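*Asks:* Would you mind keeping the following structure in view while I ask a few things?
The values are calculated or read from the model by the stated rules, or taken from the named source; none is laboratory data. Please read all numbers here as calculations on a predicted model, not as lab measurements. Because the Cβ atoms are built from the backbone with ideal geometry, glycine has one as well, and the counts that use them run over all protein chains shown. In case anyone asks, the SASA skips ligands and DNA or RNA and just uses the protein heavy atoms, side chains included. Shrake-Rupley method; radii C 1.70, N 1.55, O 1.52, S 1.80 Å.
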Amino acid sequence: MLTTFLTIAVLHWVVLVTPGVNFVLIAQLAAGSARSVSLAAVAGITTVTLTWATLAILGMGAVFAAHPALRQAFQVAGGAYLCYVAFKLWRSPPVDANAEVKPVTTSRRAAFRMGFITNVFNPKTALFFGSEFATALPPTPSVWVLLAAVLLVWFNAVVWHVFLALAFSQGRIQSVYQRWRVALNRGAAGLVGAFGLRLLAVTLQEFRARG
């Protein structure tokens, strides 16, 4: 069983540390708002991790494999949402250099919702739990092995995203962010938009291949 848990942990950490839309979201919120806001987004992200892991052990990967249209609809919704987030980031107003620097006015509830929805539609998360996570488990795992595997990936996600939130919420980083907020937001918008467009393009290719 140790080999199973080690395999899951290594695969999951590879997915976690590869920069993606969750990384961008936490970095943006932590650098531009109160620490509690970014931690609320972490709670949303990790709630989805727990949910996806639970669904994976209950056979969600098999459902997506048996019903590709359902998976593709999910991908289209995810791609569209990421493009919407990119649009909002790009349209963020510039900061008056003479104005008092204030945190971004995002509530903790809104940040939790943003983290939750972003990770629900995160293709990296869905792909990991729909394939690698499920296949790393033994053919007939016991209940405690399944429970331990779910808690393992949830713990990994909490550790990584809390680390990001704390690192990017440092005063020096926040000062740099406020000076370069428009450029950084537009750079983040480009990354998030690229994720969304790529997801839509992949889904469109799948539609054409099936046609």
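*Asks:* Scanning for something part of a loop (DSSP other than H, G, I, E, B), open to solvent by less than 60 Å² (accessible area, probe 1.4 Å), at pLDDT below 70 and among the polar types (S, T, N, Q), does the range 88-96 turn up at least one residue?
*Replies:* So far as the range 88-96 goes, yes, one or more of its residues are part of a loop (DSSP other than H, G, I, E, B), open to solvent by less than 60 Å² (accessible area, probe 1.4 Å), at pLDDT below 70 and among the polar types (S, T, N, Q).
*Asks:* Here is a further query. Output the qualifying pairs, or none if there are none: Cβ atoms under 8 angstrom, residues six or more apart or on different chains, first residue in the range 123-134 and acidic (Asp, Glu), second residue modelled with pLDDT of 75 or more.
*Replies:* Between residues of the range 123-134 that are acidic (Asp, Glu) and residues that are modelled with pLDDT of 75 or more, the close pairs are Glu132/Leu11; Glu132/Val15.
*Asks:* Another question about this same structure. Right, Thr46: assigned to a helix (DSSP H, G or I), at pLDDT below 85 and either polar (S, T, N, Q) or in contact with a strand residue (DSSP E or B) (Cβ under 7 Å, 6 or more places away or on another chain) (or both) or not? Talk me through it step by step, then tell me what you get.
*Replies:* Numbers: assigned to a helix (DSSP H, G or I): yes; at pLDDT below 85: no; either polar (S, T, N, Q) or in contact with a strand residue (DSSP E or B) (Cβ under 7 Å, 6 or more places away or on another chain) (or both): yes.
Judged against the criteria, Thr46 is not a match.
*Asks:* Which helices (runs of 4 or more DSSP H) sit wholly inside the range 139-211 and have at least 1 residues that are closer than 25 Å to Ile57 by Cβ, open to solvent by less than 50 Å² (accessible area, probe 1.4 Å) and in contact with a Gly (Cβ under 6 Å, 6 or more places away or on another chain)? Talk me through it step by step, then tell me what you get.
*Replies:* Details: elements: 143-168, 171-179, 181-210.
By residue number, 181-210.
*Asks:* Looking at the range 1-20, I want the residues that are within 17 Å of Leu151 (Cβ to Cβ) and have a partner that is outside any helix (DSSP H, G or I) and of a type in the set (A, V, I, L, M) with Cβ atoms under 7 Å, at least 6 apart or on another chain. Which pairs are those?
*Replies:* Once the first residue is within 17 Å of Leu151 (Cβ to Cβ) and sits in the range 1-20, its partners that are outside any helix (DSSP H, G or I) and of a type in the set (A, V, I, L, M) give Thr4/Leu137.
*Asks:* From Leu39, Leu16, which residue is under 20 Å from the mean Cα position of the chain (by Cα), assigned to a helix (DSSP H, G or I), at pLDDT below 90 and surrounded by 16 or more Cβ atoms within 10 Å (Cβ to Cβ)?
*Replies:* Going through Leu39, Leu16 in turn, the sole match is Leu16.
*Asks:* May I pose another question? Return yes or no: is Gly130 at pLDDT below 80, of a type in the set (Gly, Ala, Ser) and open to solvent by 30 Å² or more (accessible area, probe 1.4 Å)?
*Replies:* Answer is yes for this residue.
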